[in-house]
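The values are calculated or read from the model by the stated rules, or taken from the named source; none is laboratory data. None of the values given here were measured: they were computed from a predicted structure. Here the Cβ positions follow ideal geometry from the backbone for every residue, glycine too, while neighbour counts run over all protein chains shown. What goes into the accessible areas is simple: the full protein's heavy atoms, side chains included, and nothing from ligands, DNA or RNA. Shrake-Rupley method; radii C 1.70, N 1.55, O 1.52, S 1.80 Å.
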Amino acid sequence: MAKNLPRSSHTERKGSGSEAVDDYLKAIFQLSGRPERQVSSTEIALHLDITPASVTNMLQKLAVQDPPLVVYRKHHGVKLSKAGNKRALEIIRHHRLIETFLYKVLDYPWDEVHQEAERLEHFISERFEERIAAKLGHPEFDPHGHAIPAMDGSLPGHEPRAFSQLRPGQSAKVSSVSDKDPEMLRYLASQGIRPGVKLTLSEQLPFEGAYQVRIGSSTKPALLSHSLADAITIALK
């Protein structure tokens, strides 16, 4: 994948700011969703926990690179260019393959693989990426249920839905869970909530309260707060 992108040494990449560029491109890709939409500087600033002024400065730089990595107009948001989208998919593929390798081969808990992959994703070679993929049997999803881009940058066609789209009495399988909060992942695991597990919504408590659900074949109800529910996507039939 992305064979025409130049590879740099660890020192050169760090010095040239490539890690920061990758983080911006990945953030824009993740925030834009599918289908793609314009992403605001404020959204990126919140996602990366940096100042809006820093975001504006970086977006202006990315927009004038050759080739441009983003399409950006101040006060109108930003989208990835073709080159930026290709590079974002490459780094996301690295990240999710590393997560899967750590989880399946090195027995890391699923709440620890994200931070390790964040550190390593910028520095693996194409050959190493291919060896990991082959070792794992070319997986399509990481431990949290997120799609791993193929070598050509393609992603599975299905689009996960928000848990909030479930109606009382309706069931769906968990498609993915957010990997951003290790404590939340540990809690979900303790409740038996993982990709592939069936959730049945019994009811939502009054006044926009928590969701009462049944997990798998259990008849015992469990409660999901709004923050937990927001971290879960589902596959509706």
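For the reader, a short list of remarks on this structure follows.
- For first residues located in the range 164-180 and of a type in the set (Lys, Arg), partners that are part of a loop (DSSP other than H, G, I, E, B) and lie 6+ apart or on another chain with Cβ distances below 7 Å form the pairs LYS173/GLY196; LYS173/VAL197.
- Answer residue from the range 105-126, given it is among the aliphatic types (A, V, I, L, M) and part of a loop (DSSP other than H, G, I, E, B) and is modelled with the lowest pLDDT among those: ILE124
- Only one of the numbered conditions (1) free of Cβ contacts under 8 Å to residues at least 40 places away in the same chain; (2) touching a helix residue (DSSP H, G or I) at 6+ places or on another chain (Cβ under 8 Å); (3) open to solvent by 60 Å² or more (accessible area, probe 1.4 Å); (4) of a type in the set (D, E, K, R) is violated by GLU116, and that is (3).
- The one condition in (1) of a type in the set (Lys, Arg); (2) under 18 Å from the mean Cα position of the chain (by Cα); (3) open to solvent by 20 Å² or more (accessible area, probe 1.4 Å) that ARG93 fails to fulfil: (3)
- Annotation: of all residues in the range 186-236 being among the small types (Gly, Ala, Ser) and touching a His at 6+ places or on another chain (Cβ under 9 Å), the one that is farthest from PRO168 (Cα to Cα) is ALA235.
- Scanning the range 47-78 for residues that are of a type in the set (A, V, I, L, M), touching a helix residue (DSSP H, G or I) at 6+ places or on another chain (Cβ under 9 Å) and part of a helix (DSSP H, G or I) yields a count of 6.
- Residue check, LEU102 open to solvent by less than 50 Å² (accessible area, probe 1.4 Å) and at pLDDT below 95: no
- Checked against the criteria, VAL78 does not count as open to solvent by 70 Å² or more (accessible area, probe 1.4 Å), modelled with pLDDT of 95 or more, of a type outside the set (Ser, Thr, Tyr) and farther than 20 Å from GLU118 by Cα.
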